[in-house]
1. Consider Phe106 against the criteria (1) surrounded by 12 or more Cβ atoms within 10 Å (Cβ to Cβ); (2) farther than 26 Å from Val30 by Cα; (3) free of Cβ contacts under 8 Å to residues at least 12 places away in the same chain: it satisfies all of them except one. Which criterion is unmet?
2. Scan (1) at pLDDT below 95; (2) among the hydrophobic types (A, V, I, L, M, F, W, C); (3) touching a Ser or Thr at 6+ places or on another chain (Cβ under 9 Å) for the single condition Ala64 breaks and write down its number.
3. Given the criterion open to solvent by less than 20 Å² (accessible area, probe 1.4 Å) and either within 28 Å of Ser156 (Cβ to Cβ) or among the small types (Gly, Ala, Ser) (or both), identify the matching residue among Leu69, Leu54, Leu121.
4. Which of the residues belonging to segment 109-118 are touching a residue at least 12 places away in the same chain (Cβ under 8 Å) and surrounded by 13 or more Cβ atoms within 10 Å (Cβ to Cβ)?
5. If you take the residues in segment 37-51 that are over 12 Å from Asp118 (Cα atoms) and among the aliphatic types (A, V, I, L, M), which one is most open to solvent (accessible area, probe 1.4 Å)?
6. I'd like the residue in segment 83-102 that is of a type in the set (Gly, Ala, Ser) and over 17 Å from Leu45 (Cα atoms) and, out of all such residues, is surrounded by the fewest Cβ atoms within 10 Å (Cβ to Cβ).
7. If you go through segment 135-160 one residue at a time, how many are under 15 Å from the mean Cα position of the chain (by Cα) and either open to solvent by 70 Å² or more (accessible area, probe 1.4 Å) or at pLDDT below 95 (or both)?
8. Show the residue pairs meeting these rules: Cβ distance below 7 Å; 6+ apart or different chains; first residue within segment 141-152 and under 14 Å from Asn128 (Cβ atoms); second residue part of a helix (DSSP H, G or I).
Amino acid sequence: MGDTTPVDIQASTGSEPVELWGRVINGFDVTNRRIQRAIQRELSLNEAEAQVMLNLLRTPDRRAPMAKLARASSFTTGGFTKLADKMARRGLVARAACDDDRRVTFLEFTPEGAKVADDLLRLVERINHEAFIDVLGEDRARQVAQAMTELFRANSEHAS
């Protein structure tokens, strides 16, 4: 891998659409790296593991079909299975059969995983305040989030 030090490039491409998007990406990348470093340092979770845990926290009963979690995490089912296996070996999650459909396998937190997930939630909440909300202010942070939600909805069908 190369140097991951953020670079503040001042030169212009002469294209405002490229400049605007570049600023969005640069701001997201440097902020996301800060959050991910804190998660790795404090909880020993990589970005994919943290994303799965946060997605699982958002589900009813903190359990969800593995295929649904794979899509939400932008993984293939095979790639997600490997990640779930790794997380299961660490004692964070367990598989559970679906009572209604034998083809469906749920992923759910173990007691240890639930504790780590709660710690992750508090950590991400704190770092997001420091690196995002406190920097922009609550109103602007909500505007950015709403804008990104609109972009997600408008472009998600084209991303596949």
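1. (3)
2. In the conditions (1) at pLDDT below 95; (2) among the hydrophobic types (A, V, I, L, M, F, W, C); (3) touching a Ser or Thr at 6+ places or on another chain (Cβ under 9 Å), Ala64 misses (3) alone.
3. On the way: Leu54 fails: open to solvent by less than 20 Å² (accessible area, probe 1.4 Å); Leu121 fails: open to solvent by less than 20 Å² (accessible area, probe 1.4 Å).
Result of the check over Leu69, Leu54, Leu121: Leu69.
4. Here is the first cut: in segment 109-118, the residues touching a residue at least 12 places away in the same chain (Cβ under 8 Å) are 109-110, 112-114, 116-117.
Phe109, Thr110, Gly113, Ala114, Val116, Ala117, listed by residue number.
5. Initially, segment 37-51 is screened for residues over 12 Å from Asp118 (Cα atoms), giving 37-42, 44-49, 51.
Those still in the list that are among the aliphatic types (A, V, I, L, M) too: 38-39, 45, 48.
Numbers: Ala38: 2, Ile39: 3, Leu45: 1, Ala48: 25 Å².
Filtering first and then ranking leaves Ala48.
6. Here is the first cut: in segment 83-102, the ones of a type in the set (Gly, Ala, Ser) are 84, 88, 91, 94, 96-97.
With over 17 Å from Leu45 (Cα atoms) added as a condition, the list becomes 96-97.
Values: Ala96: 13, Ala97: 10.
Filtering segment 83-102 for residues that are of a type in the set (Gly, Ala, Ser) and over 17 Å from Leu45 (Cα atoms), the one surrounded by the fewest Cβ atoms within 10 Å (Cβ to Cβ) comes out as Ala97.
7. Let us first name the residues in segment 135-160 that are under 15 Å from the mean Cα position of the chain (by Cα), namely 145, 148-149, 152.
After this cut, where a residue has to be either open to solvent by 70 Å² or more (accessible area, probe 1.4 Å) or at pLDDT below 95 (or both) as well, the list is 148-149, 152.
Matching residues across segment 135-160 total 3.
8. What qualifies is Ala141/Phe132; Ala141/Ile133; Val144/Leu136.
The values are calculated or read from the model by the stated rules, or taken from the named source; none is laboratory data. Computed from a predicted model, the values in this text were never measured in an experiment. No Cβ is skipped: glycine too gets one built from the backbone with ideal geometry, and neighbour counts run over all protein chains shown. When the accessible area is computed, the model is the full protein with side chains, heavy atoms only, and any ligands, DNA or RNA have been set aside. Shrake-Rupley method; radii C 1.70, N 1.55, O 1.52, S 1.80 Å.
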